[in-house]
1. Right, residue 6: in contact with a Phe, Trp or Tyr (Cβ under 8 Å, 6 or more places away or on another chain) and open to solvent by less than 90 Å² (accessible area, probe 1.4 Å) or not?
2. Mind listing whichever residues of segment 43-59 are crowded, with 19+ Cβ neighbours inside 10 Å, under 20 Å from residue 13 (Cβ atoms) and more than 17 Å from the chain's Cα centre (by Cα)?
3. Would you say residue 202 is open to solvent by 40 Å² or more (accessible area, probe 1.4 Å) and touching a Lys or Arg at 6+ places or on another chain (Cβ under 6 Å)?
4. I'm trying to understand the selection: among the residues of segment 279-312, which are surrounded by fewer than 17 Cβ atoms within 10 Å (Cβ to Cβ), over 19 Å from residue 233 (Cβ atoms) and not aliphatic (A, V, I, L, M)?
5. Has segment 287-295 got at least one residue that is in a helix (DSSP H, G or I) and out of contact with any helix residue (DSSP H, G or I) (no Cβ under 6 Å at 6 or more places or on another chain)?
6. Just the residues that are in contact with an Asp or Glu (Cβ under 7 Å, 6 or more places away or on another chain) and either among the basic types (Lys, Arg) or under 24 Å from residue 221 (Cα atoms) (or both), please, taken from segment 274-298.
7. Go through segment 51-86 and give me each residue that's under 17 Å from residue 193 (Cα atoms) and not acidic (Asp, Glu).
8. Filter the helices (runs of 4 or more DSSP H) completely within segment 1-112 down to those with at least 1 residues that are polar (S, T, N, Q), in contact with a strand residue (DSSP E or B) (Cβ under 7 Å, 6 or more places away or on another chain) and in contact (Cβ under 8 Å) with a residue 24 or more places away in the chain.
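The values are calculated or read from the model by the stated rules, or taken from the named source; none is laboratory data. Since the structure is predicted, the reported quantities are computational estimates derived from the model, not experimental observations. In this analysis, Cβ positions are derived from the backbone assuming ideal geometry, glycine residues included, and neighbour counts consider all displayed protein chains. Protein only, heavy atoms only, side chains kept; ligands, DNA and RNA dropped before computing areas. Shrake-Rupley method; radii C 1.70, N 1.55, O 1.52, S 1.80 Å.
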Amino acid sequence: MLEKFLPSVVKYSLEDAEVYVADNNSSDTSIAFLKEKYPQVKIVQNSVNGGYAKGYNDSLQHIKADIYALVNSDIEVSENWLKPIKKVFEKNSQTAIVQPKLLDYKNKSKFEYAGAAGGFVDFMGYPLCRGRIFMDLEQDRGQYDDVADIFWASGACFFIRSAVYHQLKGFDEKYFAHQEEIDLCWRVQNEGYKIKYVGESKVYHVGGATLQESNPQKTYLNFRNSLFTVAKNVPKRFVFFVILLRLLLDGVAGVKFIVELRPVHTWAILKAHMSFYWNLPKLITKRRALSFKQTNYYCCFSIVWQHFIMGKNRFDQL
């Protein structure tokens with residue numbers, strides 16, 4: 001990944017930014033490769049692999065910048081990708097996070113699952129994107145070539161003001177990986193900041209480079225971390241109802257996995273629930289530290305109903 005995708009980052013970024021590689025305690029020859037091939041790139045070496053969340057938290061302690069661009073190792077960037085992002089940050093001091101257009105590296109005319117044209121959540125906290133509803137991905141026809149307010153930005157390529165990042169103590173390291181960017185974006189908005197999408201800036205994402213969809217560990221992290229996020233961030237008047245609905249729907253998902261003869265994923269959901277109950281006191285403590293300035297968090301009541309029952313597969317149909 002480093003050998004394949006770092007060249008585009010170096011080629012199209014050094015005019016506007018410093019480039020760092022955060023090495024998450026790798027055991028291969030990544031560091032030797034960087035020192036030989038890319039002496040202009042700075043290296044931050046973490047002593048442990050704490051996953052996406054802790055990996056960035058540890059690395060960014062050593063990097064001084066007004067804005068951090070967090071770019072996964074499976075991202076190809078394009079010419080002039082940084083300037084439109086910088087303009088949006090300069091225009092509005094309340095904009096704390098920005099996402100570029102995220103397209104599929106393997107099919108560059110399509111949006112990519114991880115973030116597409118910016119993320120939203122429904123009433124129950126299920127994520128969706130402009131350009132992606134569940135597994136339905138739209139073709140990029142220029143329909144999202146805009147600057148728009150969004151609810152969450154993809155961790156695959158994620159711009160954030162460093163002051164805001166450190167104010168909120170970065171990503172929640174309990175997540176390890178998956179949906180930690182949704183949690184951070186929600187917390188950022190609970191503090192009164194804005195999140196934007198900039199369609200003029202394009203990047204291409206491979207996706208699934210860390211854990212495949214068939215991996216039960218991915219099921220565990222997605223179900224557990226999503227429960228963590230709603231427990232921490234949903235407004236008080238809704239939170240108990242939302243958690244109850246989510247637990248019931250998770251049970252339905254567990255039964256579905258059994259019917260599909262994939263019981264390891266049902267077990268992953270059960271483990272996710274056990275971890276949620278175990279961590280609930282800590283989640284309540286974290287919740288109490290938030291300001292809850294963001295109250296209108298959802299774009300629709302149920303994306304499950306809209307998609308699977310009503311047959312809607314584009315964001316503009318919601």
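1. It is true that residue 6 is in contact with a Phe, Trp or Tyr (Cβ under 8 Å, 6 or more places away or on another chain) and open to solvent by less than 90 Å² (accessible area, probe 1.4 Å).
2. The one that is crowded, with 19+ Cβ neighbours inside 10 Å, under 20 Å from residue 13 (Cβ atoms) and more than 17 Å from the chain's Cα centre (by Cα): 59.
3. yes
4. Once the filter is applied, which keeps residues that are surrounded by fewer than 17 Cβ atoms within 10 Å (Cβ to Cβ), over 19 Å from residue 233 (Cβ atoms) and not aliphatic (A, V, I, L, M), segment 279-312 yields 305, 308, 311.
5. yes
6. Within segment 274-298, 293, 298 qualify.
7. 67, 68, 85, 86
8. In segment 1-112, the matching helices (runs of 4 or more DSSP H) lie at 2-13, 30-37, 51-60.
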